[in-house]
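Report on one structure; see the data block that follows.
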Amino acid sequence: MQVKTITFVNICSLNFVILLNSLVLPEVIDVEIVKKMNYNEHMFNTESPVNDRKHFELLLTVAKRYYLDDAKQSEIAKEIGYSRVTVSRLLAEAKRCGMVHIEISHPHERLATLEKQICNSYRIKEVRVAAASATNTESTTGRLAAELLLSHCSSRSTIAISNGRAVAATVAQLPRHHWISSCVVPILGMTGRELPFIDSPELCRNMAKRLGGNYWTLPVPLVFETELAAQAMRQEPSVSRTLDLAARADAALVGVGSVKESGSSPILRKWLTPNIQREVRKKHAVAHLCGHYIDATGNHVDTTLCKRTVCLEPAQLRNIPFVVAIAYGEEKVDALHAILTGGYADALVTDEFTALALIENYNSHFAGDGA
């Protein structure tokens, strides 16, 4: 009787029997040889392998090592005592049975979706949202606003700006240019010596320095003691020319103030007497823009304080080709909703938390209108 040669080759942990001689042998193969085959046919049975506790734990171990620990399949194979191909099949099974869910995303994708939502909701041209993970929201939103503003400007552009911390942060983030024919012009008068670094003369000077161009100033108070005095000042040739140039600007950068106590801008605070505050509340103002008050529907609220200011009228902002509004913070949500609803801005720069709250605010107003 001839001897039959049998070799076991480990492929995918399945020990296959290879018959090297085709001679006729006894009908029965040794029982021990059958045991060594260790076929493990249940391992790749797709019907219910996960019901086996040991198999479930194996799948979980392999999946965690590969997807959470970034281990290589060859490393995992050595650890569990199987081949690399077996590890590959185990990973495929872990996905197939729902143990592993793969989601491809990026923070920019999330922010882009949020920006598109705001654009579509308020029908504005562009939105930039700073990620919630930003370490310095002021500088990040300022950089985004600077990039957005300059993308709509050229070396010969006239840029009108208001005042405030957000506008100052934007100016600080502007890259250096050699735009000798550019011009920066203020939208409103001065607030005084209390806030020099966020006041319009200093901001116009700093922006022009960064752009390498020219600037105008409006060296008159933002608010006068009487309506008559403010009216006379607006008729002064130098003042009227400056405001007229601002109204004909190619682009504008404005901050947005809130009427809420927590979000009251320091720019108008010293003029907010108890009588003015009562008047503003009575007329349901929620925002102030360039020295003027706006209600929740986006309409200009004509107050006694507005009549004493020297600044561009809110309606004139609509005639400027590209107006960027920059503001962030929970207290600014109602104000931003009013400004965007009123059509005073073509673009918005804010942070992620404010953007999410703004969408929620818009949906609540829309639902109320639908009812």
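Every read-out reported here was derived from the displayed coordinates using simple, explicitly stated rules and does not represent laboratory data. Owing to the predicted nature of the structure, the values given are computational and were not obtained by experimental measurement. Reconstructed Cβ throughout: ideal geometry from the backbone, glycine too, with neighbour counts over all protein chains shown.
Can you list, bin by bin at 5 Å, the percent of alpha carbon pairs in the stretch 288-328, starting at 0?
5, 20, 30, 26, 15, 4
Starting from the 7 Å offset along Cα-to-Cβ, what nm value, one decimal, do you get for the label separation of Thr297 and Thr273?
Distance between the two pseudo-spin positions: 3.0 nm.
Within the stretch 333-366, which chymotrypsin sites (Phe, Trp or Tyr not before Pro) sit in a loop by DSSP and count at most 16 neighbouring Cβ atoms inside 10 Å?
none
How big is Rg to Rh over the stretch 219-371, alpha-carbon atoms, Rh as the Kirkwood inverse-mean-distance radius?
0.98
So what are the radius of gyration and Dmax for the Cα set of the stretch 140-240, in Å?
14.3, 42
For the stretch 245-260, what does the Karplus curve 6.51 cos²θ - 1.76 cosθ + 1.60, with θ = phi - 60°, yield as ³J(HN,Hα) per residue in whole Hz, taken in order and with x for Gly and Pro?
Here the 3J(HN,Hα) series is 5, 4, 5, 9, 5, 7, 7, 9, 10, 10, x, 10, x, 10, 7, 4 Hz.
For the stretch 99-157, count the residues as N, evaluate 2.2 N^0.38 Å, and divide the Cα radius of gyration by that value, please.
My calculation over the Cα atoms of the stretch 99-157 gives 1.45.
Going down the table (Lys209/Lys270; Lys125/Lys270; Lys116/Lys260; Lys209/Lys260; Lys125/Lys282; Lys282/Lys307), which pairs top 23 Å between alpha carbons?
Pairs exceeding 23 Å: Lys209/Lys270; Lys125/Lys270; Lys116/Lys260; Lys209/Lys260; Lys125/Lys282.
If you split all Cα-Cα distances of the stretch 207-305 into 10 Å bins from zero, what percentages do you get per bin, shortest first?
12, 39, 34, 13, 1
What net charge is computed for the residues neighbouring Leu111, neighbours being all others with C-beta under 9 Å from the C-beta of Leu111, Lys and Arg scored +1, Asp and Glu -1?
Net charge around Leu111: -1.
Once the mean 1/r over all distinct Cα pairs of the stretch 168-221 is inverted, what Kirkwood radius in angstroms do you read off?
11.3
Grab the beta carbon distance between Arg241 and Lys282, set R0 = 25 Å, and tell me the FRET efficiency rounded to 0.05.
With R0 = 25 Å, the Cβ-Cβ based efficiency is 0.10.
Under 18 Å Cα-Cα from Lys64, which lysines qualify once same-chain neighbours fewer than 8 residues away are excluded?
Qualifying lysines at Cα under 18 Å: Lys54, Lys72, Lys78, Lys95.
Report the full-extension gain for the segment Glu79 to Ile359: residue separation times 0.36 nm, less the Cα-Cα distance, to one decimal in nm.
Separation in residues times 0.36 nm, less the Cα-Cα distance, equals 95.8 nm.
To two decimal places, what compactness ratio does the stretch 217-262 give when its Cα radius of gyration is scaled by 2.2 N^0.38 Å?
1.44
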